[in-house]
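Presented below is the structure to which this report refers.
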Amino acid sequence: MDAFLSYGFLQRALLAGIFIAVACALLGVFLILRRDSMIGHGLAHISFAGVALGLFLNIIPLGIALAVAVLTALGIMKLKEKAGLYGDTAIAIFSSVGLAAGIVLATLARSYNVDLFGYLFGDILAIETSEVWLSVALAVIVVFIVILNYHRFMYMTFDREAAKVSGVKVGRLDVLLTVLTAVTVVLGMKVVGILLVSALVVIPAAAGLQLASNFKQAILLSSLIAVVSVLFGLFLAYSFDLPASGTIVILSFLLFGLFFLVKRVNKVR
Amino acid sequence: MDSSAADLKPLIDVRNISFNYGPIPVLKEVTFSINLGDFLAIIGPNGSGKTTLVKIILGLLKPSRGEVRILGQPVDEFFDWNRIGYVPQKATHVDPLFPASIKEVVAMEFHAVSSHAMRKQDKELSVARALKQVGMESFTSRRIGSLSGGQQQRVFIARAIVNKPHILFLDEPTTGVDTETQEHFYDMLDSLNKKEGITIVMITHDIGIVNKHVSQVACLNQRLVYHGAHEDFCRSKAFKEMLAGGHHLVSHRH
């Protein structure tokens, strides 16, 4: 643990990782309860296309990935509404096309190199100071907006019709949630990479939902599990020379397993 | 609300409403009013447009023709939704994994619009009062998914009345609830109507309830085939036609 006090790269990784993990966990609770868990997976693949496009055009890949992810997320929403597609079908379509486009663009850009692998597998330990502040700022904005609309998100997730009658602007909040998810997925890429970012969105939230006896507890527990996963994941990755992204995700899965077992034991009693 | 003014004007004015799902007509030229203090049952066979009509009144669906006015305002322009309480048809199909406590479910109604500036203490008192009115005051910390269907329905009614609405809409509120619980449930609605002065509009298949509790009946079969006092309904042509048609109506003795 002394390493966290001594090494700047670990401090940067921890700072960015914690803020991004909390944003992922907060959104993850709502996405799971809306049966939208797979959207993180789909948007991650789309973000791969955005990153590849950025590398191809030699423009900031993260910025392009953000724009592509947000636009696609809104497109998935419209497709569900207007074309009468099931949500998972729309996600599967865009996910596949995103991955395919990314592969083509990466080949054209001749960028199967360290840069691309960093986005695929995450390189939180190589995060630069400017990236830290950008990530923290975006994560704070995401968390702030979710907290501001927390009760309305909860109401429309629980009972959409009643929420609508009560004056909740469910259409606008759907768009907001979609955009926040896209932003958070792109942020999460930096921590655990495109291939594992959906795990960071889903697993801590799923773990928190095992034991929470009310919604507030679900939010707090999920965030805590996400923070613990990042903190100890980074520590273990540094100590044993393991990839940070995989270690963080495996640790969060172990915590999910533990909470699941505790829930089962409580039920049996 | 100025009660003397409200006595003169209908709370809800439904004018010439027609609605189609694609090419299929569901409602044809339905016109009626709901007045302060009514306990109105909307009945009719399956597919007669009852739920569609309620959704149109609440602004959840747009009619093909006609208009609805709530407290004199077109429903599109109405914004005072805390005067309206609503318990939807699928209220009993609660996700058992949803981690909301009873208290959180009832309090959802307060947070629907940000203009609801109430002190936290006042909100908690209102939630406690609403739960007491429905007999669920000792379940505050329980998860909604851990309750029975009848208990959940009471919680949803508590949520719908926590803002002291002037009018409460319920869509088949006793589906899946046992008979004894239904009786308690309708006694509670009776009390809300007669003692609290809440106007109630309820979709139901239960003729027994129509006979015992309601003051007004609206019978739908795409068109409005009857609207008036419940005492006259059972003698009406509309009632006889419904029974002759073999439509599903529940009847039980009191």
Inset, instruction - Using only the alpha-carbon atoms of segment A:2-268, report the extent along each of the three principal axes, biggest first, to the nearest angstrom. - result: 51, 45, 32
Legend entry - Approximate spin-label separation A:Lys267-B:Ser33, in nm, with each point projected 7 Å along Cα-to-Cβ: 5.5 nm
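List the trypsin sites (Lys or Arg not before Pro) within segment A:31-132 that DSSP assigns to loop and that have no more than 14 neighbouring Cβ atoms inside 10 Å. List each step's numbers first, then the result.
Details: sites: A:Arg34, A:Arg35, A:Lys78, A:Lys80, A:Lys82, A:Arg110; in loops: A:Arg34, A:Arg35, A:Arg110.
Sparse-neighbourhood loop trypsin sites (Lys or Arg not before Pro): A:Arg35, A:Arg110.
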Legend entry - Long-range HN-HN contacts of A:Leu196 with modeled amide H, under 5 Å: none
Legend entry - Rg/Rg_globular for the protein assembly as shown, with Rg_globular taken as 2.2 N^0.38 Å and Rg from C-alpha atoms: 1.14
Inset, instruction - With springs connecting C-alpha atoms under 10 Å apart, model chain B as a Gaussian network and identify which of B:Val106, B:Val94, B:Val217 has the largest mean-square fluctuation. - result: B:Val94
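Please report, in debye to the nearest 20, how large the charge dipole of segment B:56-107 is about its Cα centre when each Lys and Arg carries +1 at its beta carbon and each Asp and Glu carries -1 there.
Details: 6 positive and 6 negative charges, 31 e Å.
Charge dipole of segment B:56-107: 140 debye, to the nearest 20.
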Legend entry - Coordinate range along principal axes, alpha carbons of segment A:91-194, Å, largest first: 54, 35, 16
Legend entry - Whole-number percent relative contact order across chain A, with pairs defined as alpha carbons under 8 Å at least 6 apart: 30 percent
Inset, instruction - Could you work out how far apart the two model spin labels at B:Lys9 and B:Met188 are, taking each label as a point 7 Å from the Cα in the direction of the beta carbon, and quote it in nm? - result: 3.3 nm
Legend entry - Backbone HN-Hα couplings from phi across segment B:195-205 [Karplus 6.51/-1.76/1.60, Hz, Gly and Pro as x]: 8, 8, x, 7, 6, 10, 10, 10, 8, 8, 9
Inset, instruction - Extending each Cα 7 Å along its Cβ direction at A:Val140 and B:Leu60, get the distance between those two points in nm, one decimal. - result: 4.1 nm
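Can you pick out the pairs among A:Lys80/A:Lys169; A:Lys216/B:Lys123; A:Lys164/B:Lys164; B:Lys28/B:Lys62; A:Lys216/B:Lys103; B:Lys50/B:Lys132 whose Cα atoms lie more than 22 Å from each other? Write out the running numbers ahead of the final one.
Values: A:Lys80/A:Lys169 18 Å; A:Lys216/B:Lys123 17 Å; A:Lys164/B:Lys164 18 Å; B:Lys28/B:Lys62 14 Å; A:Lys216/B:Lys103 12 Å; B:Lys50/B:Lys132 30 Å.
Beyond 22 Å: B:Lys50/B:Lys132.
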Legend entry - Range of Cα positions in chain B per principal axis (Å), largest first: 52, 41, 39
Inset, instruction - Using the Kyte-Doolittle scale, find the helices of chain A whose mean hydropathy is at least 0.5 and whose Cα atoms extend 20 Å or more along the helix's long axis, counting only whole DSSP H runs. - result: A:8-33, A:39-57, A:61-82, A:87-108, A:129-148, A:170-192, A:197-211, A:215-240, A:244-268
Legend entry - segment A:136-269 - Rg over Rh from alpha carbon coordinates, Kirkwood radius: 1.02
Inset, instruction - Could you calculate the contour length gain from A:Lys216 to A:Ile93, that is, 0.36 nm times the residue separation minus the distance between their Cα atoms, to one decimal place in nm? - result: 40.8 nm
Inset, instruction - Could you go through segment B:222-234 in sequence order and give the Karplus-derived ³J(HN,Hα) for each residue, using 6.51 cos²θ - 1.76 cosθ + 1.60 with θ = phi - 60°, rounded to whole Hz, and x for Gly and Pro? - result: 6, 9, 7, 8, 7, 8, x, 5, 5, 4, 8, 5, 5
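How large is the helix-only mean residue ellipticity at 222 nm for the protein assembly as shown, computed as the sum of -39500 (n - 2.57) over DSSP H runs with n ≥ 4, divided by its residue count, in deg cm²/dmol to the nearest 500? Numbers along the way, then the final one.
Working: 22 runs with 307 residues, N = 523.
Estimated from H runs of four or more residues: -19000 deg cm²/dmol.
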Inset, instruction - Please give the helix B:149-161 orientation as an angle from the longest Cα principal axis of chain B, in degrees from 0 to 90, rounded to the nearest 10. - result: 90 degrees
Inset, instruction - Quick one: which residues, 5 or more positions from B:Leu220 or on another chain, have an amide H under 5 Å from its amide H? H modelled 1.01 Å from N in the peptide plane, none for Pro or chain starts. - result: B:Ile43, B:Gly44, B:Val225
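Just so you know, all these numbers are worked out from the coordinates, no wet-lab data involved. The model shown is predicted, which means the values in this text are computed figures rather than measured ones. Every residue, glycine as well, gets a Cβ built from its backbone with ideal geometry; the counts of neighbours run over all protein chains shown.
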